[in-house]
């Protein structure tokens, strides 16, 4: 554990940083661990199997069976991801990669009414920053592509990602949710 689990935002968010020795990069890499307790879920949790990527070298099967775990529903997870992509004060390239991947793989449809409604509801929660789809945010994300994304993706997954396409998806979501993420004192930010 590089940074211990600490509460923030009035104990509504907990953060920790874990380190591991990467066999790919031959150096220590980190995983940021976040737990958010901001508000109740809008969709009933689903039960899914939490599985390991660790395979037995002899038969190439997982070393442990999946553990049934309550999980946030996929659509709600991507509503959360969309809110983060739209309002995070310090932009994170992972938000855009995840949204882009989910759309390219057919997991979500960006203009699906239920998803748009969920994003609108997430943005309406008190304490969210205003939507930011500014050129400055895009520039900050562009700086993260090689340093924050390339090292954690397989080459084919990295090659399939297009930041401009992903940012257009997020910008489209901002248009679909309308004024839900805008505070009265802040005018809309656009690219």
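Could you say which residue among 60, 39, 29 is part of a loop (DSSP other than H, G, I, E, B) and touching a residue at least 24 places away in the same chain (Cβ under 8 Å)? Spell out the reasoning first.
Working: 60 fails: touching a residue at least 24 places away in the same chain (Cβ under 8 Å); 29 fails: part of a loop (DSSP other than H, G, I, E, B).
From the options 60, 39, 29, the qualifying one is 39.
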In the stretch 50-66, which residue that is surrounded by fewer than 10 Cβ atoms within 10 Å (Cβ to Cβ) and at pLDDT 90 or above is farthest from residue 124 (Cα to Cα)? 58
Looking at residue 47, is it exposed (fewer than 10 other Cβ atoms within 10 Å of the Cβ), part of a loop (DSSP other than H, G, I, E, B) and in contact (Cβ under 8 Å) with a residue 12 or more places away in the chain? no
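Let's see how each residue does on (1) more than 20 Å from the chain's Cα centre (by Cα); (2) within 22 Å of residue 149 (Cα to Cα):
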| site | (1), (2) |
| --- | --- |
| 2 | yes, yes |
| 43 | no, no |
| 59 | yes, no |
| 71 | no, no |
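A quick yes/no check of all residues on (1) more than 13 Å from the chain's Cα centre (by Cα); (2) outside the structural domain of residue 148 (by TED's automatic domain parsing); (3) under 21 Å from residue 152 (Cα atoms):
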{"residue": "51", "(1), (2), (3)": "yes, yes, yes"}
{"residue": "80", "(1), (2), (3)": "no, no, no"}
{"residue": "86", "(1), (2), (3)": "no, no, no"}
{"residue": "112", "(1), (2), (3)": "yes, no, no"}
{"residue": "118", "(1), (2), (3)": "yes, no, no"}
{"residue": "128", "(1), (2), (3)": "yes, no, no"}
{"residue": "131", "(1), (2), (3)": "yes, no, no"}
{"residue": "134", "(1), (2), (3)": "yes, no, no"}
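Mind checking which helices (runs of 4 or more DSSP H) fall wholly inside the stretch 101-185 and carry at least 3 residues that are loosely packed, with under 12 Cβ neighbours inside 10 Å and on the phi > 0 side of the Ramachandran plot? Give the steps one after another, and end with the answer.
Numbers: elements: 113-123, 135-144, 155-160, 163-177.
Where helices (runs of 4 or more DSSP H) fall fully within the stretch 101-185, none carries at least 3 residues being loosely packed, with under 12 Cβ neighbours inside 10 Å and on the phi > 0 side of the Ramachandran plot.
For the structure I just gave you, tell me whether residue 23 is touching a strand residue (DSSP E or B) at 6+ places or on another chain (Cβ under 9 Å), more than 25 Å from residue 84 (Cβ to Cβ) and either without any contact (Cβ under 8 Å) to a residue 24 or more places away in the chain or loosely packed, with under 10 Cβ neighbours inside 10 Å (or both). Before the answer, list the steps.
Working: touching a strand residue (DSSP E or B) at 6+ places or on another chain (Cβ under 9 Å): no; more than 25 Å from residue 84 (Cβ to Cβ): yes; either without any contact (Cβ under 8 Å) to a residue 24 or more places away in the chain or loosely packed, with under 10 Cβ neighbours inside 10 Å (or both): yes.
Here the answer is no, as residue 23 does not meet what is asked.
The values are calculated or read from the model by the stated rules, or taken from the named source; none is laboratory data. This structure is a prediction, so every number in the text was calculated from the model and none was measured. When we count neighbours, we look across all protein chains shown, and the Cβ atoms used for this are built from the backbone with ideal geometry, even at glycine.
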